[in-house]
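Q: Below: one structure in structure tokens.
We did not get these values from a lab; they are worked out from the coordinates using the rules stated. Small disclaimer: the values here were computed from a predicted structure and weren't measured. A quick note on method: Cβ atoms are made from the backbone with ideal geometry, for glycine too, and the neighbour counts reach across all protein chains shown.
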Amino acid sequence: MFTNRLKIFLFNKDYTYSMIKNTIKDKLEIGLKGICREQNRSFDSYVRQLRNTNRTVINLTLQF
């Protein structure tokens, strides 16, 4: 179905983990999922905090 994949990995230490996770979740709920579905695309995100650090890892994947 999908033949191409764009993966973006971000590492951040300036923002809090929960703020980044909630911001991405809010953007997806507002309309990105619907737009991707209409365009036959898939968008996934995964936000996690590295143990014992302030660093947040953000994985974004767009399949088309």
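Q: Just the projected area, averaged over all directions, of the convex hull on the alpha carbon atoms of segment 5-63: how many nm²? If you can, show how the numbers build up before the last one.
A: On the way: hull surface 15.9 nm².
Hull-based average projected area comes out at 4.0 nm².
Q: Using 7 Å Cα-to-Cβ label points, what is the Asp26/Leu6 separation (nm, one decimal)?
A: Rounded to a tenth, the inter-label distance reads 2.4 nm.
Q: Let me ask something else. To test your reading of the geometry: what angle, between 0 and 90 degrees and rounded to tens, separates the Cα axis of helix 17-27 from the longest principal axis of the chain?
A: In the chain, helix 17-27 runs at an angle near 20 degrees to the longest axis.
Q: Straight distance only, please: which lysines reach the Cα of Lys33 with their own Cα at less than 23 Å, same-chain residues fewer than 8 apart left out?
A: The qualifying lysines are Lys7, Lys21, Lys25.
Q: Go through segment 1-54 and name the chymotrypsin sites (Phe, Trp or Tyr not before Pro) that are in a DSSP coil and have 14 or fewer other Cβ atoms within 10 Å of their Cβ.
A: In loop regions of segment 1-54 (DSSP not H, G, I, E or B), the sparsely surrounded chymotrypsin sites (Phe, Trp or Tyr not before Pro) are Phe2, Tyr15.
Q: Please get the size of the charge dipole for the chain, origin at its Cα centre, with Cβ charges of +1 on Lys and Arg and -1 on Asp and Glu, quoted in debye to the nearest 20. If you can, show how the numbers build up before the last one.
A: Values: 12 positive and 5 negative charges, 46 e Å.
In debye, rounded to 20, the chain gives about 220.
Q: Run through the chain and list the trypsin sites (Lys or Arg not before Pro) located in a DSSP loop whose Cβ has at most 16 other Cβ atoms within 10 Å.
A: Of the trypsin sites (Lys or Arg not before Pro), the ones in loops of the chain whose Cβ has at most 16 other Cβ atoms within 10 Å are Lys13, Arg41, Arg51, Arg55.
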